[in-house]
Amino acid sequence: MIDKAPPQPEFSRPFDTAELGEQAEQRVIEANADECRALAERFEVLGIAALKAELTIRRLGPGLARLEGRVTATVSQQCVVTLDPVESAIDERFAVTYAGTIPHDEGATLPFHDDSEEGPDPLDGTMIDLGETVSQQLAVALDPYPRAPGASLEKILPSPATAPDEPSGPFAVLAELRKRMS
C-alpha cells in the first residue's frame, strides 16, 4: 500500500508552541495573491481579494495553548439566485484551544476548562498551523447562500397569478390518464 502524504495547506504559517513563554505572542498574517487564488478554488468561491488575521497565542498550561484572533477578508461569491458575483466583507473573531499529549497520573485532571462542546483541538506535536486555522475560520464565516442585492426567487419563478390553470409536469400526465380511465 502506498502512503499518500497529506495535502499541503494553501495558506500555511507554522508556529511552534514550544516557543511560547509566559507572555502571549502577537502575529499578523496575510495571504498573498497565489494563496488567495488557491483558497478560492478550495472553497469554491469566485475569488478572495484579501485575507488577513490578527492573532494572539498564549500558553494555558502544560501542553495547552489558546489562539484568539480576528480574520478579515474580501470574498466574491456567486449569487444563488441570479448567479451574479456578490462581494462580501468578512470580519470575524474566533478562539481555538489546542491540547497536546500530557503525561499525567491516572485520575488526574488537566488544568483546563472549555465552554465549547467540542473541547480542544489536538496539537500536532507542538506545532499549530496559524494559516490553516485562519483558512478554516474563513470557511465557516462564508455565506452558504449569498444573494445579490434585490435578488429574489419571486422575480424568477412565475407567481401563482400567472401560473397556468391547468396542472403541468409528470403528475399532470398521470392525472389526465386517471380522468380518461374513469
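The values are calculated or read from the model by the stated rules, or taken from the named source; none is laboratory data. These numbers come from a predicted model, not from an experiment. Cβ: placed from backbone, ideal geometry, glycine included. Neighbour counts: every protein chain shown.
Scan region 13-38 for residues that are within 21 Å of Ala95 (Cα to Cα), under 19 Å from the mean Cα position of the chain (by Cα) and either β-branched (Val, Ile, Thr) or buried (at least 18 other Cβ atoms within 10 Å of the Cβ) (or both) and jot them down.
Once the filter is applied, which keeps residues that are within 21 Å of Ala95 (Cα to Cα), under 19 Å from the mean Cα position of the chain (by Cα) and either β-branched (Val, Ile, Thr) or buried (at least 18 other Cβ atoms within 10 Å of the Cβ) (or both), region 13-38 yields Arg13, Ile29, Ala31.
Looking at this structure, is Pro7 at pLDDT below 95 and either farther than 17 Å from Met127 by Cβ or over 24 Å from the mean Cα position of the chain (by Cα) (or both)?
Working: at pLDDT below 95: yes; either farther than 17 Å from Met127 by Cβ or over 24 Å from the mean Cα position of the chain (by Cα) (or both): no.
Answer is no for this residue.
Against the condition modelled with pLDDT under 85 and either within 30 Å of Gly61 (Cβ to Cβ) or assigned to a helix (DSSP H, G or I) (or both), how does Glu106 come out, does it pass? Give the steps one after another, and end with the answer.
Values: modelled with pLDDT under 85: yes; either within 30 Å of Gly61 (Cβ to Cβ) or assigned to a helix (DSSP H, G or I) (or both): yes.
Yes; evaluated as a whole, the condition is true for this residue.
What are the pairs with Cβ atoms under 6 angstrom where one residue, in region 79-91, is closer than 10 Å to Pro146 by Cα and the other, located anywhere, is surrounded by 13 or more Cβ atoms within 10 Å (Cβ to Cβ) and hydroxyl-bearing (Ser, Thr, Tyr)? Sequence gap at least six, or different chains.
Pro85/Ser76; Glu87/Ser76
Just the residues that are in a strand (DSSP E or B), out of contact with any Cys (no Cβ under 8 Å at 6 or more places or on another chain) and without any contact (Cβ under 8 Å) to a residue 60 or more places away in the chain, please, taken from region 34-64.
So in region 34-64, the residues in a strand (DSSP E or B) come out as 47-61, 64.
Filter again for out of contact with any Cys (no Cβ under 8 Å at 6 or more places or on another chain), leaving 52-61, 64.
Selection gives Lys52, Glu54, Thr56, Arg58, Arg59, Leu60, Gly61, Leu64.
Do the conditions hold for Glu68, that is, is it acidic (Asp, Glu), in a loop (DSSP other than H, G, I, E, B) and within 18 Å of the chain's Cα centre (by Cα)? Show your work before the answer.
Numbers: acidic (Asp, Glu): yes; in a loop (DSSP other than H, G, I, E, B): no; within 18 Å of the chain's Cα centre (by Cα): yes.
Taking the combined requirement at face value, the residue does not satisfy it.
Is it true that some residue in region 129-142 is modelled with pLDDT of 90 or more and more than 26 Å from Arg58 (Cα to Cα)?
yes
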